[in-house]
Amino acid sequence: MKRGPKDWRTGFAERFDCRLQRDEPLWRHTTYAVGGPTPLMVWLDKEELLVEARRYLDDCGVGARVLGGGSNVLIADQGVDVVVLRLCGRLARAKLLERSRRLIEVAVGAGMNLSSLLAWARKQGAAGLTGLAGIPATVGGAVKCNAGTPTVAMADRLIEVRLLERGRLRWVAAERLGFGYRRSSIGSRRVVVAARLRLPCSTQAAMQRDLVRALAGRKLQPRSVRSAGCFFRNPPADSAGRLIEQAGCKGWSEGGAQVSTRHANFIVNQSSAAARDIWRLSLRVSRQVRKTFGIKLQREVECWGSFQASPAHRRAG
Ligand code: FAD
Ligand code: EPU
């Protein structure tokens with residue numbers, strides 16, 4: 001990081017009127033409850049603020065990444081050297097744009113929780129997202145990762161996405177964003193600011209049936225234990241969970257991390273795990289699956305920071 005005559009963090013705090021926190025521990029913001037500090041966490045509630053803040057950080061030569069629900073990241077114990085941005089306020093609201101008898105169109109800020117969007121849509125009588133119930137994401141994270149289940153994915157409902165890209169805001173058609181299974185071409189430099197969705201209208205009874213079905217699809221998944229969902233992507237026409245179980249890894253542990261005894265593709269933080277424990281266990285699992293089946297599992301969870309020789313920052317308590 002370049003440092004000017006004045007510390008860039010002091011400069012940032014003087015210049016921007018927003019909530020911020022220096023040396024914020026990231027375990028507080030991830031579903032895994034692991035991860036060391038970021039030099040600065042910033043909460044942004046307006047587009048102009050986001051654009052200006054990003055420009056300032058670029059000028060200082062400081063990297064920045066957006067954290068949504070923190071439900072698909074494993075953050076190293078010694079933390080990261082980038083600023084972590086959170087989107088809130090006006091960047092976390094839904095607005096009805098159009099309604100016909102069969103469809104509604106909605107614009108939604110990327111910082112909104114997916115669960116709040118689902119509840120909002122249900123009040124509007126709009127279905128189409130119910131299959132995503134139980135995913136602890138924000139809209140921005142769900143768009144970037146194309147969160148989904150075997151029956152529906154975020155991209156299925158997207159018309160266009162508002163991106164901050166090279167200092168400019170623009171709407172980009174969903175077809176141009178390379179969506180596929182848990183994938184998009186959004187990358188780590190662009191920020192999803194909002195999304196425009198088209199949702200089919202439905203009855204409350206039908207939506208309730210869809211919800212029950214969606215939650216039933218999760219009956220194998222561990223509950224009330226910290227995780228980042230499935231750790232590995234499913235290989236084509238196969239299931240990583242099945243492969244991991246049949247390779248004999250269910251119940252394996254490393255420090256406070258465990259391969260869930262319910263669903264083998266969940267590596268859980270069972271008791272004050274360090275990020276390093278989770279990382280090491282994931283390597284053992286993928287080695288074992290490769291040895292048993294000759295299949296190389298691809299990680300779904302993103303790793304931030306360095307995982308070489310990290311001193312464990314265990315969560316206090
Ligand atoms: P984060 O984890 O915060 O970030 C993930 C990536 O998105 C990072 O690269 C981050 O920089 C980027 N990002 C976040 N917001 C923005 C933004 N506004 N602009 C640009 N980039 C952004 N996933 C599924 O697909 N299906 C499931 O059924 C599912 N079930 C889960 C169940 C549990 C219990 C848990 C803990 C996780 C589950 N997941 C599932 C994984 C996870 O919820 C998804 O990958 C989700 O899309 C991550 O969203 P997030 O907001 O938490 O993103
Ligand atoms: N299975 C096993 N052992 C296990 C786990 C699963 O044999 O330990 C078998 C199951 O019996 C089933 C098959 O594997 O026959 C598939 O399992 P499951 O129905 O649980 O689905 P999945 O493919 O493991 C996928 C998504 C989940 C999503 C569910 C919704 C991936 C990697 N996983 O799970 O997404 O919630 O479908 O049904 O695509 C995530 O991406 O983080 C995630 C949780």
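Condition check: outside any loop (DSSP other than H, G, I, E, B) and open to solvent by less than 40 Å² (accessible area, probe 1.4 Å). Does GLY140 satisfy that? It is true that GLY140 is outside any loop (DSSP other than H, G, I, E, B) and open to solvent by less than 40 Å² (accessible area, probe 1.4 Å). A single member of GLY128, GLY89 is more than 9 Å from ligand 1 (Cβ to nearest atom) and touching a strand residue (DSSP E or B) at 6+ places or on another chain (Cβ under 6 Å), and it is GLY128. Using the structure shown, decide if ARG55 is within 16 Å of ligand 1 (Cβ to nearest atom) and either under 25 Å from GLY229 (Cα atoms) or open to solvent by 30 Å² or more (accessible area, probe 1.4 Å) (or both). No, not satisfied.
Within the stretch 165-193, residues that are over 17 Å from ALA110 (Cα atoms) sit with their Cβ atoms under 7 Å from residues that are exposed (fewer than 13 other Cβ atoms within 10 Å of the Cβ), at 6+ positions apart or across chains, in these pairs: GLY167/ARG55; GLY178/SER185.
Residue under question is VAL106, and the condition is that it be open to solvent by less than 30 Å² (accessible area, probe 1.4 Å), in a strand (DSSP E or B) and within 16 Å of ligand 1 (Cβ to nearest atom); does it hold? Walk me through how you get there before you give the answer.
On the way: open to solvent by less than 30 Å² (accessible area, probe 1.4 Å): yes; in a strand (DSSP E or B): yes; within 16 Å of ligand 1 (Cβ to nearest atom): no.
Here the answer is no, as VAL106 does not meet what is asked.
Could you go through the stretch 237-258 and let me know if any residue there is within 16 Å of ligand 1 (Cβ to nearest atom), over 30 Å from VAL106 (Cβ atoms) and not small (Gly, Ala, Ser). Spell out how you get there, then give the answer.
Taking the stretch 237-258 and keeping what is within 16 Å of ligand 1 (Cβ to nearest atom), we get 239-241, 257-258.
After this cut, where a residue has to be over 30 Å from VAL106 (Cβ atoms) as well, the list is 239-241, 257-258.
Checking which are not small (Gly, Ala, Ser) leaves us with 258.
Scanning the stretch 237-258 turns up at least one residue that is within 16 Å of ligand 1 (Cβ to nearest atom), over 30 Å from VAL106 (Cβ atoms) and not small (Gly, Ala, Ser).
For the stretch 13-44, residues that are open to solvent by less than 10 Å² (accessible area, probe 1.4 Å) and part of a strand (DSSP E or B) total 5. Could you please find all residues in the stretch 222-248 being open to solvent by 40 Å² or more (accessible area, probe 1.4 Å), in contact with a Ser or Thr (Cβ under 8 Å, 6 or more places away or on another chain) and either within 7 Å of ligand 2 (Cβ to nearest atom) or assigned to a helix (DSSP H, G or I) (or both)? Correct list: GLN246 only.
The values are calculated or read from the model by the stated rules, or taken from the named source; none is laboratory data. Here the structure is a predicted model, which means the values were calculated and not measured. Note that each Cβ is placed from the backbone with ideal geometry, even for glycine, and that neighbours are counted across all protein chains shown. What goes into the accessible areas is simple: the full protein's heavy atoms, side chains included, and nothing from ligands, DNA or RNA. Shrake-Rupley method; radii C 1.70, N 1.55, O 1.52, S 1.80 Å.
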